[in-house]
Amino acid sequence: MARNPARTVYIGNLDEKVTERVLYEILIQAGRVVDLYIPCDKETSCPKGFAFAEYETEEIAQYAVKLFSGLVRLYGKTLKFAISGQDKPPSNGSNPVMPKLNPIPLPKQPHFVHHSDKPYCIPQRIQCVHPQALSVGPVHRNGGFGNDYVLNASGRGALRQRIMYPSY
């Protein structure tokens, strides 16, 4: 992956179940993703727990870090975002001054997108399933959370295929 470090975002604390497609659908919310790379261990072929996403411009990469930091949670893990190649600021025991934020309250029930009977819990603020990946309509389930949408290619191994990024 040939990267421009100023346009590349490091994504850390990834669960091994996070797929390239799910991560891409989240990251595209900030802007055009030029490349996405999830490194795997050579011996076990398991993901290493981090990824790199190259955005079209440095500004979009910086926006993505600000937008997603502390917000995205997958499989019970809050993802970490930083511009690639920038070291963490040294920790001298004192907390940096953080601006006060007025968070938007989330609904009590999370939104579930079902894939192969394994729900992905996605906060309502990030709807990361691309409309083209959804089936024709809602699937009605008794005892569920209402109308759920099911990925139309889930049974055909579509998530194992390389993602084709759109050209703008």
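The numbers here are math on the coordinates, done by the rules we state, and not lab data. The structure displayed is predicted, hence computed values, not measured ones. Cβ placement follows ideal geometry from the backbone for every residue including glycine, while neighbour counts extend to all protein chains displayed.
At-a-glance table
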{"item": "Within segment 19-42, backbone nitrogen closer than 17 Å to the virtual label 7 Å beyond the Cα of residue 50 toward Cβ", "result": "36-42"}
{"item": "Segment 1-37: trypsin sites (Lys or Arg not before Pro) falling in loop per DSSP and having at most 16 other Cβ within 10 Å", "result": "3, 17, 32"}
